[in-house]
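So the structure is just underneath, and the comments pick up after that.
The values are calculated or read from the model by the stated rules, or taken from the named source; none is laboratory data. In this text the structure is predicted, and so the values were computed from the model without any measurement. Cβ sites come from the backbone with ideal geometry, for glycine too, and all protein chains shown count toward neighbours.
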Ligand SMILES: *Cc1c(COP(=O)(O)O)cnc(C)c1O
């Protein structure tokens, strides 16, 4: 029997659909490989990656128009990372370094996305993943992910801040590595988002608008911009504009909030672990912290989806809600990047509850009936 050789792509009849990589296009290798010289990794580091990063910087013309003055607004859609949030950027670093150190288990407190990312990367690295969540305040998609990725999920009767206190104590007393954003490798990985923004724009934006919860990401972006600036890859630094939910706004209150409340569960945090770093970034960049209400968040959330085709989770929409709130302050002709930290599919309950549209149901499958409800 003769074995037929596999058909080579060039001989396939539907050749037009076959993508032949041109010699100058390199497949994306994940953010550690791409930014290796700027990260604390060595030849010995076992890289644990799901090819995270390289997320699109999408122009948002409708929002640009709302701001006016020739301002160009982009969204950094980090919801397109492998587990659906920017947490993957930090987790590829944190888990790779934990593996390098011989860790067998990791632990995190989480409003949801950290647990999803920790679970995926830890399990890929053959480690146990323990996640401590505030009971009843984790979006459905995130819980589904942590469970299916194989995390051991423990719900505590308290909020995120209580959960973080417990996991810090666990990591001090037991052989588990803490992978919350107090782990310095997390911020190292997350800073690559700033590199990507500069690599695409050719310079830093004038403003960076970002949701603030535990305040790791704003600190990481600032690290990234400063590092690129010192390397001469950007000749300016952005104003760091951080937005908290009005019910969970310790930076606006100037002190921790004991009972944070917001439907944007990813930023429902009353005592940010990276308090000093975030204030350093805000002050050094002459930026600001502002609060946005849940109503403003939901408005931006619907607007992003219905006018721009970008579905993010509620916490992420705080960046756009914030920009629209302080748009008078944006300099004319400037470039603004709003960070969309997580994917809208994480929280389907919120989408269904707060959509302007509803399913029109109870319709017979007949042309005349369907045409009638369509208004024809
Ligand atoms: C974690 C998270 C945030 C908050 O980021 P911090 O680094 O804690 O400030 C915002 N949005 C989403 C979707 C997140 O998962």
**Residues that are within 12 Å of the ligand (Cβ to nearest atom) and either in a loop (DSSP other than H, G, I, E, B) or farther than 16 Å from residue 219 by Cβ (or both), drawn from the stretch 77-91** = 77, 79, 81, 83, 84, 85, 86, 88, 91
**Prompt:** Looking at the stretch 48-76, which of its residues are away from the ligand (no atom under 16 Å from the Cβ), surrounded by 18 or more Cβ atoms within 10 Å (Cβ to Cβ) and closer than 19 Å to residue 124 by Cβ?
**Reply:** 48, 49
**Message:** Being away from the ligand (no atom under 12 Å from the Cβ), in contact with a strand residue (DSSP E or B) (Cβ under 7 Å, 6 or more places away or on another chain) and more than 18 Å from residue 117 (Cβ to Cβ) narrows it down to one residue among 255, 244, 286, 227; which is it?
**Reply:** 286
**Asked** Any idea which of (1) in a helix (DSSP H, G or I); (2) touching a residue at least 40 places away in the same chain (Cβ under 8 Å); (3) under 23 Å from the mean Cα position of the chain (by Cα) is the one residue 171 doesn't satisfy?
**Response** (3)
**Prompt:** Taking into account only those residues within the stretch 257-282 that are outside any helix (DSSP H, G or I) and without any contact (Cβ under 8 Å) to a residue 24 or more places away in the chain, which is surrounded by the most Cβ atoms within 10 Å (Cβ to Cβ)?
**Reply:** 257
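Name every residue in the stretch 206-224 that is within 16 Å of the ligand (Cβ to nearest atom) and assigned to a loop (DSSP other than H, G, I, E, B), in order of residue number.
212, 213, 214, 215
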**Prompt:** If you go through the stretch 115-158 one residue at a time, how many are assigned to a helix (DSSP H, G or I) and surrounded by fewer than 24 Cβ atoms within 10 Å (Cβ to Cβ)?
**Reply:** 10
**Asked** Given (1) in contact with a helix residue (DSSP H, G or I) (Cβ under 8 Å, 6 or more places away or on another chain); (2) free of Cβ contacts under 8 Å to residues at least 60 places away in the same chain; (3) within 26 Å of residue 349 (Cβ to Cβ), where does residue 210 come up short, assuming only one miss?
**Response** (2)
**Complete:** The condition of being farther than 19 Å from residue 330 by Cβ, touching a strand residue (DSSP E or B) at 6+ places or on another chain (Cβ under 9 Å) and either within 13 Å of the ligand (Cβ to nearest atom) or in a helix (DSSP H, G or I) (or both) holds, among 188, 196, only for 196
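Quick check on residue 144: is it closer than 19 Å to residue 175 by Cα and within 16 Å of the ligand (Cβ to nearest atom)?
So residue 144 does not fit the description; no.
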**Request:** Would you please name the residue that is nearest to the ligand (Cβ to nearest atom), looking only at residues in the stretch 92-114 that are in contact with a strand residue (DSSP E or B) (Cβ under 9 Å, 6 or more places away or on another chain) and in a helix (DSSP H, G or I)?
**Result:** 113
**Request:** Would you confirm whether any residue within the stretch 356-367 is in contact (Cβ under 8 Å) with a residue 12 or more places away in the chain and within 13 Å of the ligand (Cβ to nearest atom)?
**Result:** no
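Among the residues of the stretch 62-80, how many are touching a strand residue (DSSP E or B) at 6+ places or on another chain (Cβ under 8 Å) and touching a residue at least 12 places away in the same chain (Cβ under 8 Å)?
To start, the set of residues in the stretch 62-80 that are touching a strand residue (DSSP E or B) at 6+ places or on another chain (Cβ under 8 Å) comprises 63-64, 67, 71-80.
Right, trim to touching a residue at least 12 places away in the same chain (Cβ under 8 Å) and you get 63, 67, 71-80.
Summing the residues that are touching a strand residue (DSSP E or B) at 6+ places or on another chain (Cβ under 8 Å) and touching a residue at least 12 places away in the same chain (Cβ under 8 Å) in the stretch 62-80 gives 12.
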**Prompt:** Can you name the residue in the stretch 159-182 that is out of contact with any strand residue (DSSP E or B) (no Cβ under 7 Å at 6 or more places or on another chain) and closer than 21 Å to residue 256 by Cβ and is also surrounded by the most Cβ atoms within 10 Å (Cβ to Cβ) among such residues?
**Reply:** 181
**Item:** Search result, residues across the stretch 309-325 that are farther than 25 Å from residue 191 by Cα and in a loop (DSSP other than H, G, I, E, B)
**Value:** 309
**Complete:** When residue 336 is run through (1) at pLDDT 95 or above; (2) closer than 30 Å to residue 52 by Cα; (3) away from the ligand (no atom under 12 Å from the Cβ); (4) part of a helix (DSSP H, G or I), the failure sits at (4)
